[in-house]
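The values are calculated or read from the model by the stated rules, or taken from the named source; none is laboratory data. The structure presented is a predicted model; accordingly, all values stated were derived computationally and were not measured. Note that each Cβ is placed from the backbone with ideal geometry, even for glycine, and that neighbours are counted across all protein chains shown. Heavy atoms of the whole protein, side chains included, go into the accessibility calculation; ligands, DNA and RNA do not. Shrake-Rupley method; radii C 1.70, N 1.55, O 1.52, S 1.80 Å.
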Amino acid sequence: VVYEQEGVFIHSSCGKNDDQDNLIAGILRVIEKENEVVVDWRPLDETLDTSNILCAGKDSSSVVEWTQTPKEKCSRGADRPSSYEAEWDMVTTVSFKKKPHSNGDATTHANRESKWSFLFSLTDLKSIKQNKEGMGWSYLVFCLKDDVKLPALHFHHGDSKSLIKCLEKHVALNESPHDERVLLVKTQKSLSQSFENLFDEPSYGLLQKWKKDPYVVTMGKFSKVTNYIVGTLRSSDQSNQRRPPSEMADFFNDTIPGLKINQQEEPGFEVITRIDLGKQPEVSRREPVSAEEWAKNMDSEGRILDVDYIKRLIFKGGLCHTLRKEAWKFLLGYFPWNSTKEERANLQKRKTDEYFRMKLQWKSVSEEQEKRNSRLRDYRSLIEKDVNRTDRTNKFYEGEDNPGLILLHDILMTYCMYDFDLGYVQGMSDLLSPVLYVMENEVDAFWCFVSYMDQMHQNFEEQMQGMKTQLIQLSHLLRLLDSGFCSYLESQDSGYLYFCFRWLLIRFKREFSFQDILRLWEVMWTELPCQNFHLLLCCAILESEKQQIMDKHYGFNEILKHINELSMKIDVEYILCKAEAISMQMMNCKELPQTVSEILGIENSLVTPDSDTGEDESAAELSCPPSLYQSISTPVIAANGTRDGTQPAAETQGLAPA
């Protein structure tokens with residue numbers, strides 16, 4: 001409940017304001033629900049069973065029709081003028097079931113009042129007429145779409161202005177050019193519209209969508225609406241256009257509860273701004289792992305001989321495409337690395353049976369059953385919508401009635417049976433598409449997708465714990481890497497790194513070309529050279545764009561727009577080299593902050609403590625002396641399987657263990 005006011009009356013009869021029987025006292029509320037905001041007026045009558053209110057349908061432009069007994073219909077005409085009755089004949093309101101009463105008179109009185117109750121969604125509101133009564137109080141008349149008018153609400157205790165202010169947080173109200181007493185609701189487009197056209201949508205609509213479902217907003221072209229976002233986030237007072245970064249962060253904290261990204265150095269936040277990481281080393285990459293190299297690293301029974309070695313090769317160069325169908329099953333965890341060829345064949349047989357049993361579960365649901373299963377119905381609807389727009393320019397998915405699309409749909413529906421609690425969330429089709437493309441097999445693609453979702457599960461959970469954690473971790477890494485750039489982003493209300501949301505949600509799927517994503521994902525799946533390498537990829541991209549962002553003094557709008565327009569323009573090999581170089585910088589630092597060490601999974605005995613240990617503050621801020629930034633020299637596995645410390649840079653860079 002975001003607004004509540006008692007003493008809001010409906011005058012059930014005109015011209016008899018002194019007759020208390022014709023004044024119905026009630027309570028007016030504005031309620032934020034999961035998917036909508038509703039206005040609710042009901043009489044002050046404790047006999048009303050609110051659990052039986054019939055609310056408006058989501059797509060309805062009015063509320064559900066009331067029910068009346070024949071006796072009420074007969075008596076109603078005598079109580080009210082014909083004009084009033086004619087107006088109410090057009091109105092559909094709510095019906096109520098009454099709690100039983102021992103006193104019949106009380107029941108009759110309650111029924112007389114309850115039929116005036118109403119509830120409507122703000123998406124159905126067309127206009128508000130406001131006026132002043134001769135007695136001093138104000139009244140408002142809500143007009144819904146299709147020109148349905150609700151009875152006037154009289155604010156005997158005042159406070160109608162605070163209601164208008166409350167409503168303006170959710171809808172845009174503009175004074176009618178024809179009648180200054182009328183406030184018109186600025187038209188919103190359908191909530192399901194594509195983000196391709198969001199430049200035409202008011203900022204309040206975007207923000208409400210972001211708060212309601214950041215996944216849907218992020219998956220669209222979020223940055224195309226920058227002019228609207230910044231106008232909404234900032235104060236309308238021209239003398240105070242800049243809001244403090246902490247307030248700007250509050251908006252995203254409301255959207256993702258628990259997201260706390262430091263806007264400034266605060267007590268308890270480790271001081272890392274003066275740690276010198278040294279120069280980034282030069283890093284090169286090798287050719288993709290060939291089928292011959294893969295076969296040489298496998299024994300006669302099909303076991304991988306040296307898992308660490310093959311992972312290092314994949315990290316440094318990726319895989320040739322012919323190997324992906326087999327190697328991805330190992331990288332994703334579908335096949336155990338130490339399994340034999342025979343063991344893998346038996347596993348596939350068991351998994352095939354298991355898959356088709358789950359597929360049969362949703363395939364065998366009849367239309368009648370599905371009508372009574374809203375969650376399954378909703379999952380199917382969302383999957384069908386997303387499948388029809390996933391990678392349609394790729395030959396594997398292009399055209400109508402494409403078998404690839406059918407498999408994409410069936411695998412996602414079966415995953416709902418596998419994990420019904422999570423079900424389907426927008427973005428999951430993006431994760432499955434490359435996997436199915438590589439596997440070219442429904443069952444193998446499903447189980448590889450299951451393994452991938454085990455890694456990504458928290459990204460899609462309702463509490464968004466995975467997204468919260470990653471954004472916080474990314475802010476720690478970026479602050480260590482370049483505190484000056486962090487400070488600049490904060491000065492432009494961008495310190496909460498919201499523009500990285502889509503990167504993290506679906507692992508850069510929309511940022512790189514399809515073929516580049518195959519390379520990027522297989523490199524990340526090696527889990528080398530450290531934990532959370534994908535966060536270092538984010539740092540690498542941001543650092544690459546830092547100069548342009550700062551030199552051109554990009555503000556909130558321009559940063560959002562610029563980052564979004566990087567999509568399909570990023571060189572994957574360059575970013576992989578840069579991210580690896582950053583990882584080497586951090587692993588070579590002997591005073592790596594403890595938080596960063598934990599994020600990257602680096603064991604370092606000389607980490608900087610996160611909290612104040614009582615030592616002199618200036619000592620805690622001392623930069624790490626240059627002598628500590630020597631490279632770690634460790635032997636690596638040579639191509640022939642022997643250990644050698646003199647391999648070429650292309651083979652060894654970044655492969656030193658933490």
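A few notes on this one:
- Under a model in which nothing but the beta-carbon of Lys, Arg (+1) and Asp, Glu (-1) is charged, the stretch 340-459 shows a dipole of about 200 debye around its Cα centre.
- Each of C166 and Q369 was given a label point 7 Å from its Cα along the Cα-to-Cβ line. The distance between the two points is 4.5 nm.
- Given K161/K561; K316/K509; K149/K186; K33/K186, the pairs whose alpha carbons are separated by over 26 Å: K161/K561
- Label separation (Q361 vs K279): 5.9 nm, computed from points 7 Å beyond Cα along the C-beta direction.
- Carbon-plus-sulfur accessible fraction, the stretch 340-459 (probe radius 1.4 Å, protein heavy atoms only): 45%.
- Surface accessible to a 1.4 Å probe, per residue, for the residues of the stretch 468-542, Å²: 20
- Distance-filtered residues of the stretch 280-312 - backbone nitrogen under 19 Å, label point 7 angstrom along D571 Cα→Cβ: 280-288
- Rounded to the nearest 20 debye, dipole of the stretch 445-596 from Cβ charges on Lys, Arg, Asp, Glu: 80
- As a calculated quantity, the FRET efficiency between L122 and H457 at R0 = 22 Å, using C-beta atoms, amounts to about 0.05.
- Charged-residue dipole, Cβ positions (Lys, Arg, Asp, Glu), the stretch 391-450 about Cα centre, Debye nearest 20: 100
- With both labels modelled 7 Å from their Cα along Cα-to-Cβ, the K341 to R286 distance reads 2.5 nm.
- For Y3, the residues whose modelled amide H falls within less than 5 Å of its own, excluding neighbours fewer than 5 places apart on the same chain, are V30.
- Note that the stretch 340-459 presents 50 Å² accessible area per residue, ligands and nucleic acids not counted, probe 1.4 Å.
- Accessible area per residue was computed with a 1.4 Å probe on protein heavy atoms; H409 scores about 30 Å².
- The overall shape of the stretch 340-459 is oblate: from the C-alpha gyration tensor, with semi-axes ordered a ≥ b ≥ c, the ratio a/c is 1.5 or greater and a/b is no larger than b/c.
- Annotation: amide H-H contacts under 5 Å for H156 (H modelled 1.01 Å from N, sequence separation of 5 or more, or interchain): F9.
- Using a probe of 1.4 Å on the protein chains alone, the accessible area found for R507 is around 30 Å².
- Karplus-derived 3J(HN,Hα) values for the stretch 554-563, using 6.51 cos²θ - 1.76 cosθ + 1.60 with θ = phi - 60°, are 4, x, 3, 4, 5, 4, 4, 5, 4, 4 Hz; glycine and proline are entered as x.
- Rolling a 1.4 Å probe across all protein chains gives T322 an accessible area of roughly 120 Å².
- For K149, the residues 5 or more places off, or on other chains, whose built amide H falls under 5 Å of its own are L144.
- In the stretch 340-459, lysine pairs closer than 30 Å at Cα, eight or more apart or cross-chain: 18
- Backbone geometry of the stretch 350-363 corresponds, through the Karplus equation with coefficients 6.51, -1.76 and 1.60 at θ = phi - 60°, to 3J(HN,Hα) couplings of 5, 5, 5, 4, 5, 4, 6, 5, 5, 5, 5, 4, 7, 5 Hz, x marking Gly and Pro.
- Length gained on full extension, E603 to N35: 199.9 nm, using 0.36 nm per residue less the C-alpha separation.
- In order along the stretch 404-418, the Karplus-derived 3J(HN,Hα) couplings, from 6.51 cos²θ - 1.76 cosθ + 1.60 at θ = phi - 60°, round to x, 5, 5, 5, 4, 4, 5, 5, 5, 5, 5, 5, 4, 6, 5 Hz, and Gly and Pro are given as x.
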